[in-house]
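So the structure is just underneath, and the comments pick up after that.
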Amino acid sequence: MSINTFGHLFRVTTWGESHGPALGATVDGCPPGVPVAAEDIQHWLDLRKPGQNKFTTQRREPDAVKILSGVFEGRSTGTPIQLMIENTDQRSKDYGDIAETFRPGHADITYWQKYGIRDPRGGGRSSARETAARVAAGGVARAALAQLVPDLRITGYLTQVGPHKIDPARFDADEIPRNPFWGPDAQMAAQWADYLDDLRKSHDSVGAVIEVVASGAPAGLGAPIYGKMDSDLAMAMMTINAVKGVEIGEGMAAAALTGTQNADEIFMGPDGKPQYGSNHAGGILGGITTGQDIVVRFAVKPTSSILSPRASIRKDGTSIEVVTKGRHDPCVGIRAVPVAEAMMACVLLDHILLHRGQVGGDVGSTRGAIG
């Protein structure tokens, strides 16, 4: 069995390869009557598409999405929505030299060990090109969320490139779309530009840390133990190509805190709803959202495709030095930001539908002594 689907009620199945004729997603479980237009989905794809600046791969793909089913007269019908994105700028010849070779840091060797066959062109199914389908599906999720939770806002940004971190004191949300790094710190974005220029010239790459925040998410999403919001978010982010670690709220840093430092104190607000003195929990307690900002952070490893030679082996077991030709990102984390936002949107919509199915009514409605 090959598992290419995620979600419970809002289910997304992605298909296609990096150098095949097309890739896409089948979105099942979108509520009927949601306004869905190709141009709205295209907006999110345009944020992710390659070749927009010198810090990403120079592959030129329009990433034009087509809606093949599930939408009638501009609205979802409740049936599966089929999304397709054609590949138009493949350069498969760049991968001819590695058809019999395993590239270090890539999934080449594990795909071969599992299936006994692999598509070497651009990494095939393991390519980050697959994430275009997720972003398209995320566009559908955002359209539904706009109807169900109109105040919800999902924002992703880079907080670190290599060893260089943003200064929280300089955080400016308005700065995020102004630079090619989705960076909220203009001064650090300029430093990242110089740093990545030097890396590109030295035929090397580097990793990054991305943070994605959902503001305005209602309290009550998620379920105890096996349906936790944080476990589903962690799984969703971990499936993004090159991600090697995920944190919720304080994450690993919580290990250095005391209980008095870490526990978010609760107060009754003037609106009659609970308020919190801090958000170390990242907006989730016991797997269920608190109504605070949901904060997820993940680390992306350095791009494995580099022009510097690395030792490896061929299929026949002989040794070889590998230089990966082609057009690659010096920091793949840059284009992971729109992907992270899309995955957040898909998981939140899925849990809203689950909540309505089990509990009924509006999410976060009055229950017990607090509303």
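The values are calculated or read from the model by the stated rules, or taken from the named source; none is laboratory data. Nothing here was measured: the structure is a model prediction, and the numbers come from that model. All Cβ positions, even for glycine, are placed from backbone atoms using ideal geometry, and neighbour counts span all protein chains on display. Ligands, DNA and RNA are excluded from the accessible area calculation, which covers all protein heavy atoms including side chains. Shrake-Rupley method; radii C 1.70, N 1.55, O 1.52, S 1.80 Å.
Looking for whichever is open to solvent by 20 Å² or more (accessible area, probe 1.4 Å), in contact (Cβ under 8 Å) with a residue 24 or more places away in the chain and either closer than 26 Å to V65 by Cβ or touching a Ser or Thr at 6+ places or on another chain (Cβ under 9 Å) (or both) here; the options are R178, R129, R153. Which one fits?
R153
Just to be sure I understand, how many residues within segment 228-240 are surrounded by fewer than 18 Cβ atoms within 10 Å (Cβ to Cβ) and either part of a strand (DSSP E or B) or not hydrophobic (A, V, I, L, M, F, W, C) (or both)?
Going through segment 228-240 one residue at a time, the tally reaches 2.
So in segment 107-126, with the set limited to residues that are within 16 Å of T14 (Cβ to Cβ) and open to solvent by 40 Å² or more (accessible area, probe 1.4 Å), which one is farthest from the chain's Cα centre (by Cα)? Before the answer, list the steps.
Step one: of segment 107-126, the residues within 16 Å of T14 (Cβ to Cβ) are 107, 119, 122-126.
Next, only the ones that are open to solvent by 40 Å² or more (accessible area, probe 1.4 Å) stay: 119, 125.
Values: D119: 24, R125: 16 Å.
Only one residue tops the list, namely D119.
Taking the conditions exactly as written (over 15 Å from the mean Cα position of the chain (by Cα), at pLDDT 95 or above, part of a strand (DSSP E or B) and over 27 Å from E86 (Cβ atoms)), does Q147 satisfy them or not? Let's see the steps before the verdict.
On the way: over 15 Å from the mean Cα position of the chain (by Cα): yes; at pLDDT 95 or above: yes; part of a strand (DSSP E or B): no; over 27 Å from E86 (Cβ atoms): yes.
Against the criterion (over 15 Å from the mean Cα position of the chain (by Cα), at pLDDT 95 or above, part of a strand (DSSP E or B) and over 27 Å from E86 (Cβ atoms)), Q147 does not qualify.
I'm trying to understand the selection: among the residues of segment 10-33, which are of a type in the set (A, V, I, L, M) and open to solvent by 10 Å² or more (accessible area, probe 1.4 Å)?
Across segment 10-33, the qualifying residue is only A22.
Can you give me the ranges of the strands (runs of 3 or more DSSP E) entirely in segment 264-361 with at least 3 residues that are buried (at least 17 other Cβ atoms within 10 Å of the Cβ) and in contact with a strand residue (DSSP E or B) (Cβ under 8 Å, 6 or more places away or on another chain)?
The strands (runs of 3 or more DSSP E) meeting that bar are 294-300.
Just to verify a result, which residue in segment 181-227, among those that are β-branched (V, I, T) and not in a loop (DSSP other than H, G, I, E, B), is most open to solvent (accessible area, probe 1.4 Å)?
My answer is I225.
Tell me which of these E73 doesn't satisfy, since it passes every other one: (1) in contact with a strand residue (DSSP E or B) (Cβ under 7 Å, 6 or more places away or on another chain); (2) at pLDDT 95 or above.
Unmet condition: (1).
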